[in-house]
Amino acid sequence: MKLPPLVNGRILRRYKRFLADVELDNGELVVAHVPNTGRMTGCWEQGAPVQLSRSDNPRRKLAWTLERVDMGSGWVGVNTWRTNAVIEEALQQHRITELDGYASLRREVVPPLDARRSRLDFLLQQGSAADAWVEVKNVTLLQGDCLCFPDAVSARGGKHLRDLGMLVESGCRGVILYALNRPEGRCFCPAVDIDPEYARLLQEVVDRGVEVIALRLRHTTDGIVAGETVTVQL
């Protein structure tokens, strides 16, 4: 996925969760929108190199958007709006082997479960295997050698796991895809110390047949592409 034109700078501070003060390379000070609801632990520090995009939309309160941060090992994608677009492109280009072989891709679909449920990110149909419901989670938390999710207690994330488990019981495939949006880390594991209930639920639904994919996202000069899968440790 190609990103819009990017401008280099250095982050000065992040505040009110969705705002960041950035000094551009030309010395201009700007306020950027931070499209990330997580804590962004280990994803920024004062003075770290960043890249921003700029919108000409007059309706936007802030023209600048924080796209990625370099914490010393390469770009960390902090704009969570981009993640699903990268995964969708990879699915369309048949770059995720575990999810290949489907002719139909639908986005943001409500599963047909008895109770009212949240939308799941993708529904893959018309394939040789059962319909596949896929929920994508953006992952940037690095703990030791592993990338971990979540970086804060996530009741919504637990709800998605339960939905996937119910879909598996109905005869569909249920897939939780962790998009690893930074270059470090040799494996993926749930953040047990942050949200032990989420870790417990993940193991529970995996035991019931939910599939886990941990997929590296690779940042290029002007874009983001799906890379290789990494080891999952539950």
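Does VAL175 satisfy being outside the structural domain of THR37 (by TED's automatic domain parsing), over 18 Å from the mean Cα position of the chain (by Cα) and among the aliphatic types (A, V, I, L, M)?
It is false that VAL175 is outside the structural domain of THR37 (by TED's automatic domain parsing), over 18 Å from the mean Cα position of the chain (by Cα) and among the aliphatic types (A, V, I, L, M).
Among the residues that make up the range 100-116, is at least one of them within 16 Å of ILE213 (Cβ to Cβ) and within 18 Å of the chain's Cα centre (by Cα)?
Among the residues of the range 100-116, not one is within 16 Å of ILE213 (Cβ to Cβ) and within 18 Å of the chain's Cα centre (by Cα), which makes the answer no.
How about the range 88-127: which of its residues are closer than 22 Å to LEU161 by Cβ, charged (D, E, K, R), touching a residue at least 24 places away in the same chain (Cβ under 8 Å) and not in a strand (DSSP E or B)?
Across the range 88-127, the qualifying residues are GLU88, GLU98, ARG117.
State all residues of the range 31-55 that are among the small types (Gly, Ala, Ser) and in a loop (DSSP other than H, G, I, E, B); if no residue qualifies, say none.
Answer for the range 31-55, where residues must be among the small types (Gly, Ala, Ser) and in a loop (DSSP other than H, G, I, E, B): GLY38, GLY42, GLY47, ALA48, SER55.
What are the pairs, 6+ residues apart or on separate chains, where a residue within the range 137-162 that is touching a residue at least 60 places away in the same chain (Cβ under 8 Å) has its Cβ under 6 Å from a residue that is among the β-branched types (Val, Ile, Thr)?
That search, which allows pairs on different chains as well, returns ASN138/THR80; ASN138/THR83; THR140/VAL76; LEU141/THR41; LEU147/VAL139; ASP151/THR41.
PRO58 - would you say it is part of a loop (DSSP other than H, G, I, E, B) and touching a Phe, Trp or Tyr at 6+ places or on another chain (Cβ under 6 Å)?
no
For the range 144-234, please list each of the strands (runs of 3 or more DSSP E) lying entirely inside it that holds at least 2 residues being modelled with pLDDT under 95, in contact with a Ser or Thr (Cβ under 7 Å, 6 or more places away or on another chain) and loosely packed, with under 15 Cβ neighbours inside 10 Å.
none
Yes/no per residue for (1) surrounded by fewer than 18 Cβ atoms within 10 Å (Cβ to Cβ); (2) within 21 Å of GLU228 (Cβ to Cβ):
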{"position": "TRP64", "(1), (2)": "no, no"}
{"position": "GLU67", "(1), (2)": "no, no"}
{"position": "SER73", "(1), (2)": "yes, yes"}
{"position": "VAL76", "(1), (2)": "no, yes"}
{"position": "ASN79", "(1), (2)": "no, no"}
{"position": "ARG82", "(1), (2)": "no, yes"}
{"position": "HIS94", "(1), (2)": "yes, yes"}
{"position": "ALA103", "(1), (2)": "yes, no"}
{"position": "GLU108", "(1), (2)": "yes, no"}
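Could we say that MET40 is out of contact with any strand residue (DSSP E or B) (no Cβ under 6 Å at 6 or more places or on another chain), hydrophobic (A, V, I, L, M, F, W, C) and at pLDDT 95 or above here?
In short, no.
Taking only pairs six or more apart or across chains, which ones have beta-carbon atoms under 7 Å, a first residue in the range 14-31 that is not assigned by TED's automatic domain parsing to the domain that holds ASP151, and a second residue that is charged (D, E, K, R)?
Qualifying pairs under 7 Å: ALA20/ARG13; ALA20/ARG14; ASP21/ARG13; VAL22/ARG10; GLU23/ARG10; LEU29/ASP21; LEU29/GLU23; VAL31/ASP21.
The values are calculated or read from the model by the stated rules, or taken from the named source; none is laboratory data. Given the structure is predicted, the values throughout are model-derived calculations rather than measurements. With ideal geometry, Cβ positions are generated from the backbone for all residues, glycine too; neighbour counts draw on all protein chains shown.
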